[in-house]
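Each reported figure results from applying straightforward, stated rules to the coordinates on display, with no laboratory input. These numbers were taken from a predicted model, which means no experiment stands behind them. In this analysis, Cβ positions are derived from the backbone assuming ideal geometry, glycine residues included, and neighbour counts consider all displayed protein chains.
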Amino acid sequence: MPPPVYYFPPQDVRMDFLEPTQRQTWCEWKGNARYFDVVVGDRRIENAAWAYPSPTPSFEVIRDHLAFYPHLMDACFVGDEQVQAQAGGFYGGWVTSNIVGPFKGEPGTQGW
């Protein structure tokens, strides 16, 4: 099982710190994702968040919800526990002590 990706409802995210980018990717299960830079003061973290504005019917529940790459953030937490980022730069999984690997993205998992 892959580590979870957390999708936050837009009303729970400071959208004034997000700027849409030109980047888009395609997920065979969820559809087309659009990306956002996180901009706070003079600091810009490119393509640090993404959302699915028109997900496939099976993933309608995450429409316009925001996910963040934990490896690009200063820190992400689940409750009081700081998460570790899923290995690799593509996946956005949040690894906690309750999540056990191996996970795709780690060395030797390229063919999964």
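Placing dummy labels 7 Å off each Cα toward the beta-carbon, the span from V39 to R63 is 2.8 nm.
Given that compact globular proteins tend to follow 2.2 N^0.38 Å, what is the ratio of the alpha-carbon Rg of the chain to that value? Mind showing how you got there, number by number?
Details: Rg = 14.2 Å, N = 112, 2.2 N^0.38 = 13.2 Å.
Dividing the Cα radius of gyration by 2.2 N^0.38 Å gives 1.07.
Summarising the amide proton neighbourhood of H65: residues at separation of 5 or more, or on other chains, whose placed amide H is nearer than 5 Å comprise Y52. The slack between Y6 and E46, meaning 0.36 nm per residue of separation minus the straight C-alpha distance, is 12.5 nm. Taking each residue as 0.36 nm, the span from D80 to C27 lengthens on full extension beyond its C-alpha to C-alpha distance by 16.0 nm.
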